[in-house]
Each structure stands twice: as structure tokens, then as C-alpha cells.
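Down below is the structure, laid out as C-alpha cells.
The values are calculated or read from the model by the stated rules, or taken from the named source; none is laboratory data. Because the structure is a prediction, the values reported are computed rather than measured. Heads up, the Cβs are rebuilt from the backbone with ideal geometry, glycines too, and the neighbour counts pull from every protein chain shown. Calculation scope for accessible area: heavy atoms of the full protein, side chains included, ligands and nucleic acids excluded. Shrake-Rupley method; radii C 1.70, N 1.55, O 1.52, S 1.80 Å.
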Amino acid sequence: VLSQTNSKAFTAKTSCVRRRYREFVWLRRQLQRNAGLVPVPELPGRAAFFVGSSDEFIERRRQGLQHFLQR
């Protein structure tokens, strides 16, 4: 997942970090608790069975998680 910042505390303005899907589930729950009436975006689906290559699945999920973070 690509992270961006404008904080002066960081020399690099963008960085790539690795996160587990469950960390996004945790983040979404925390956001929902504190969001009030603001809707929290959905996460990409958790697929127990996927037709296609694992690389394709990983890339789709990565894009979905990146979209979640941007929203």
C-alpha cells in the first residue's frame, strides 16, 4: 500500500508498506466507531475461493485496499 504524507517529520513523502487484510478490517472498525454519521467505505471482499491466478487476486485486492484508503 502506498502511503503519502505532507508532515515535516518525514523526509520521504511517499513510502510503500506491507499490511495484512485483518489490519484493514481493524482500521475500518475503528473508523466506524468514531465516524458518527459519516459513512465508512467498504473493504474489498474477502474471497475464500478465487478463479484466476493468485497474482491477479493479490493485485485486485491491493487496488481495492488502496481505493479504501483514498476514500
Considering only protein heavy atoms, what per residue accessible area in square angstrom results for the chain with a 1.4 angstrom probe? 87 Å²
For log10 I(q)/I(0) by the Debye sum over Cα atoms at q = 0.15, 0.20, 0.25, 0.26 Å⁻¹ the list reads (1) -0.76, -0.97, -1.08, -1.10; (2) -0.62, -0.97, -1.19, -1.23; (3) -0.46, -0.84, -1.28, -1.35; the calculated value is entry (2)
Can you give me the distance in nm between label points at R60 and C16, each placed 7 Å from the Cα along the Cα-to-Cβ direction? 2.2 nm
Would you mind getting me the FRET efficiency between A35 and Q4? Use the beta-carbon distance for r and R0 = 22 Å, nearest 0.05. 0.50
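May I ask you to give the percent of accessible area on the chain that is carbon plus sulfur, with a probe radius of 1.4 Å?
Carbon and sulfur together cover 53 percent of it.
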Which one, V25, H67, G36, projects farthest toward the positive side of the charge dipole computed for the chain from Cβ point charges (K/R +1, D/E -1)? G36
